[in-house]
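Engineer: Got a structure here, written out as structure tokens. Questions coming.
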Amino acid sequence: MKKSASVLNWTILGIAVVGILYVNISDSVKKEAALSCGLIAPPSTARKVETHGASLRVYPVRIPSGFNGCERAWFADGKLLVSTEYRKGRIYKIDDHAPNRAAATCVFDGDKVKGGPPERCAALLNSLSAMR
């Protein structure tokens, strides 16, 4: 009985910690954050976006303040265009897979480029920040 009680206590503690971390985020947004970084294809709930003559699917649909997770954009054919990782609501990393150029990974500390091609990364950060 003690072992079961101990497991139950750890489970309750784990649930409480998760609840505290996401206290200001709805259940659907929590699921989006947990699943978003590992997606290899856009889910059916991804937002459809037309930009620069391209049809994209973007997921998750909303990025709440304090978001921890990834926003990903795919072309209509399913190829990944960009994956943007957020930490505490700020852009931390961008994996750019734009066609006709080599893929690049950019890492940021606030608005400063910490890794990746400096000019390209700064331009990506400025573009994504302007859309928020």
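Each value in this text was obtained by applying a stated rule to the coordinates, not by laboratory testing. Because the structure is predicted, anything quoted here is derived from the model rather than measured. Note that each Cβ is placed from the backbone with ideal geometry, even for glycine, and that neighbours are counted across all protein chains shown.
Engineer: Just one of Ala104, Ala130 is farther than 22 Å from Leu39 by Cα and under 17 Å from the mean Cα position of the chain (by Cα); which is it?
Structural biologist: Just a single option satisfies the conditions, and that option is Ala130.
Engineer: Out of the residues in region 62-97 meeting the condition of being in a strand (DSSP E or B) and small (Gly, Ala, Ser), tell me which one is surrounded by the most Cβ atoms within 10 Å (Cβ to Cβ).
Structural biologist: Filtering first and then ranking leaves Gly69.
Engineer: Only residues that are touching a residue at least 12 places away in the same chain (Cβ under 8 Å), in contact with a strand residue (DSSP E or B) (Cβ under 8 Å, 6 or more places away or on another chain) and not aliphatic (A, V, I, L, M): list them for region 100-132, please.
Structural biologist: Listed by number, the residues that qualify are Thr105, Cys106, Phe108, Gly110, Gly116, Pro117, Arg120, Cys121, Ser129.
Engineer: Within region 50-61, which residues are assigned to a strand (DSSP E or B) and under 17 Å from the mean Cα position of the chain (by Cα)?
Structural biologist: Scanning region 50-61 gives Leu56, Arg57, Val58, Tyr59.
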